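Heads up: the structure comes next, in C-alpha cells.
The values are calculated or read from the model by the stated rules, or taken from the named source; none is laboratory data. Because the structure is predicted, anything quoted here is derived from the model rather than measured. Because the Cβ atoms are built from the backbone with ideal geometry, glycine has one as well, and the counts that use them run over all protein chains shown. To get the accessible areas, we keep the full protein, side chains included, count just its heavy atoms, and leave off ligands, DNA and RNA. Shrake-Rupley method; radii C 1.70, N 1.55, O 1.52, S 1.80 Å.
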2 protein chains.
Amino acid sequence: MTGIAVLSEAQLRAAVPLDMATVECIDAAFRALAAGGVVMPPVLSMHLPQVNGEVDIKTAYLPGFSGFAVKVSPGFFDNPARGLPSTSGLMILFSAETGQVQAVLLDNGYLTDIRTAAAGAVAARALARPDARRAAILGAGTQARLQLQTLCLVRPIAEATIWARDADRAARAAEELTRALGIPVRATGDREAAVTQADVIVTTTPATEPLLMADWLRPGQHVTAMGSDQPGKTELDPRCLVRADLYVPDRLSQTRAMGELRGAIAAGLIDPERGFGELGEVLTGAAPGRAGPEAITIADLTGTGVQDTAIATHALARIGPEGEPR
Amino acid sequence: MTGIAVLSEAQLRAAVPLDMATVECIDAAFRALAAGGVVMPPVLSMHLPQVNGEVDIKTAYLPGFSGFAVKVSPGFFDNPARGLPSTSGLMILFSAETGQVQAVLLDNGYLTDIRTAAAGAVAARALARPDARRAAILGAGTQARLQLQTLCLVRPIAEATIWARDADRAARAAEELTRALGIPVRATGDREAAVTQADVIVTTTPATEPLLMADWLRPGQHVTAMGSDQPGKTELDPRCLVRADLYVPDRLSQTRAMGELRGAIAAGLIDPERGFGELGEVLTGAAPGRAGPEAITIADLTGTGVQDTAIATHALARIGPEGEPR
C-alpha cells in the first residue's frame, strides 16, 4: 500500500472546506471541460429494486490534471429506517500518467456535496447580477444549506428565504443558516413570494413535479436548478426555459437526458437538437453570458465527472500523499 | 474508517490462493447468474489515447451475496517502458444491504487473475471429459500459468504443452510449470500438433487473428477460449464454433459483442439472434452440457462482473473485516 493515501471522511471534512479555493477548483474543471480533450463516459447506473437501492459510477479524464477520479455513489433508500444515511460512497484517485491508484477517499459523499455546491457558486458568479442581494432557496436539505453558503462567497447576499415541503425542516434550516452566515434567513410557506422577491433562486429538491412557475420569474433574476440528476426529476416549469433569456447547462448531453432541459424538450417547447453554450464555455468566453441587468438566466446543473476529478485532485493536494494536512 | 478493511495485494495473495475454494466460489457466481435476479450493467470503458491507456469498470449485484464489488481496471500501455506493469487497479466491496463500503481491495489485478483462472476450471469441470489428461495451452503469460494450474485441480492432467508466439517465453513458462505442478510441461513451436494431441485446450492470448483452426479439432476435445475480452480480439477460427457440438458462453450478451461468438457472427456463420445456454445454465442443468465422450465443446469466457463480486466477497470472508486472516 506504499504511496497510496487512504483518507477518512473526517480528514476530508477538515481539509476541504467549502471555500473560495474549492470554488476555483470547480471553476477550473468547467473551463477544462470547455477547452476540449476531456474524456467523460456516460454514467454507469445500477438499479437495485430488490434492496431499494441504486449505484452510480462516474469518471472523467481532464488534460492537465495529474489524476482522474472514479466515484461510486450508492443510494440505499431503506437506510434511514436503520439509522443510516441513504447515500455513502467513495472516490478513488488514479494517476493520469500510469493509471495506478494514488488515493482512496472514503468521503461518504462529502466531496460530492462540496463539488455540487461549488458548481452553484461558479454558475452564480458567471450568471447572476453582481449586485444580487436576496436569495431564495427551495429545499431544506444538505444542498439547500451548502448552496446558500457558497452563494454568499460570490455575491453580496444580505437576506434569504427558504421554502420546503416540510415547514419544520425549512424552519430548522433557516435558523441554522441565520446563525452560520450572519444574515437573516427566513422560512416561508409562500413559495411564489419567495421566488418573485429574490435576485437569485437555487432549487435543491428531488421534486418530480415543477416547483417554480415560469410566470413567477422577474427581469434580472438568476435561477440555478441543481436537483434534477435523473430522468424522473424536475423542479422548473418547462416554460421557464423559454421565458429565460439565457439557459446554460453544465453538460448539454446530460441536461437533455436528465436535467430541466429534458422536460422542456418532452413538452415540445425546445427542439431536441437545439444547442446551448455550456457553463464552461460561458466561463471561457466561448459562449455568451448574461446580456444585461434585466436578463433572466437559468443554470441547469446535473453534476459532472470533471467535478469529481477536480475535487479529488484538490483534496489530495490539500492533504498530501501521506494523509497529513499540508 | 471504522469497519472498512483496506487490504494490500500482499495480504490478498496470501489469503486467496487459486484453490478449490476459489473455484467453488466462482462456480457459485455462475449458478447465481443463471438463477436470475442478477443485475450486471454493461462495462464502463474509458479510452485515453492521449496517454495510451484505458480504464474498465465492472460491477454486478448477485442475490444471496452479502456484498457487491465495483472493479476498476486501468491499463496504461506505456508503463513497461517506465518499469511498471501495464495493468493495476482495485476492487471495492459494498454491503448489498446498505450500500456502505465494506472493504477496499488494493489487488493490482490479482483477484481478476484468480477469478479468471477459476472460471477456466469451472468451464473444464462442466464440459471437458472427466478422463482428460493432456492439456495444450496457447500463450505464455500469467493466465497461461494459472489456467494450467487450475485445470489440474479439476481434471487428471498428466502432461501439457505450451505454445506461444515468443518461443523463449513458452520455454520459461514450461520450465516453471513443470516444477510447480510436478507434471511434464513441454514448450512447442508446433501449434497444430499441440492442439490436435490435447484433450483440453485453453487459449490465453491477446490475439487479433485466429490461432486455432477448426480442422485441428478432434472428437472428445474441450476448448476454453479466454483471451478475447474486447471487440478486436479473436483466438478461434470462427468455423470452430460451427464444428463444435456445443458452444457455451459465459454471458451471451458479452460474447456476441466481444467474445469468439462475435467473429462467427461477423463471418456469417452464426445467426446473431441464435441463443446458446450460458455456463451457469449448464451448471444448474437448465441447459445441456457435454452430450458424450466424442463431443467437441467450446467455452467462450469474456469475464463477468459476477465473478468480481464473488471473488471480492470470498476474499473478505477469508481475511475478515479487520484485515486479519481467518
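Worth pointing out:
- The single condition from (1) free of Cβ contacts under 8 Å to residues at least 12 places away in the same chain; (2) at positive phi that B:G3 fails is (1).
- Under the condition of being within 7 Å of chain A (Cβ to nearest Cβ) and assigned to a strand (DSSP E or B), the residues counted in the stretch B:85-111 number 6.
- The single residue among A:L138, A:L148, A:L93 that is among the aliphatic types (A, V, I, L, M) and within 19 Å of A:A14 (Cβ to Cβ) turns out to be A:L93.
- Listed by first and then second residue, the pairs with beta-carbon distance under 9 Å, at least 6 apart or on different chains, first residue in the stretch B:46-67 and assigned by TED's automatic domain parsing to the domain that holds B:Q100, second open to solvent by less than 50 Å² (accessible area, probe 1.4 Å) and basic (K, R), are B:D56/B:K71; B:I57/B:K71; B:K58/B:K71; B:T59/B:K71.
- Of all residue pairs spaced 6 or more apart or on separate chains, those with beta-carbon atoms under 8 Å, a first member in the stretch B:123-136 that is charged (D, E, K, R) and a second member that is open to solvent by 60 Å² or more (accessible area, probe 1.4 Å) and not in a loop (DSSP other than H, G, I, E, B) are B:R133/B:E159; B:R134/B:E159.
- Scanning the stretch A:74-87 for residues that are open to solvent by 10 Å² or more (accessible area, probe 1.4 Å) and on the phi < 0 side of the Ramachandran plot yields A:F77, A:D78, A:P80, A:A81, A:R82, A:L84, A:P85, A:S86, A:T87.
- Count - residues of the stretch B:59-73 that are facing chain A (nearest Cβ under 8 Å) and open to solvent by 10 Å² or more (accessible area, probe 1.4 Å): 2
- Condition met for B:R13 (open to solvent by 40 Å² or more (accessible area, probe 1.4 Å), out of contact with any Lys or Arg (no Cβ under 9 Å at 6 or more places or on another chain), in a helix (DSSP H, G or I) and within 17 Å of B:T87 (Cα to Cα)): yes
- Only one of the listed residues (A:D56, A:D107) is open to solvent by less than 50 Å² (accessible area, probe 1.4 Å), modelled with pLDDT under 95 and of a type in the set (D, E). That residue is A:D56.
- Failed criterion for B:L48 (all others in (1) under 17 Å from B:T112 (Cβ atoms); (2) within 7 Å of chain A (Cβ to nearest Cβ); (3) touching an Asp or Glu at 6+ places or on another chain (Cβ under 9 Å) hold): (1)
- Within the stretch A:274-301, the residues that satisfy the criterion of being open to solvent by 60 Å² or more (accessible area, probe 1.4 Å), touching a residue at least 60 places away in the same chain (Cβ under 8 Å) and not acidic (D, E) are A:T284, A:A286, A:P293.
- Whichever residue in the stretch A:74-84 is of a type outside the set (D, E) and touching a residue at least 24 places away in the same chain (Cβ under 8 Å) and, among such residues, is farthest from the other protein chains (Cβ to nearest Cβ): A:F77
- Residue tally, condition closer than 30 Å to A:G37 by Cβ, in a strand (DSSP E or B) and touching a Phe, Trp or Tyr at 6+ places or on another chain (Cβ under 8 Å), over the stretch B:16-53: 3
- Members of the stretch B:1-10 found to be part of a helix (DSSP H, G or I) and aliphatic (A, V, I, L, M), listed by number: B:A10
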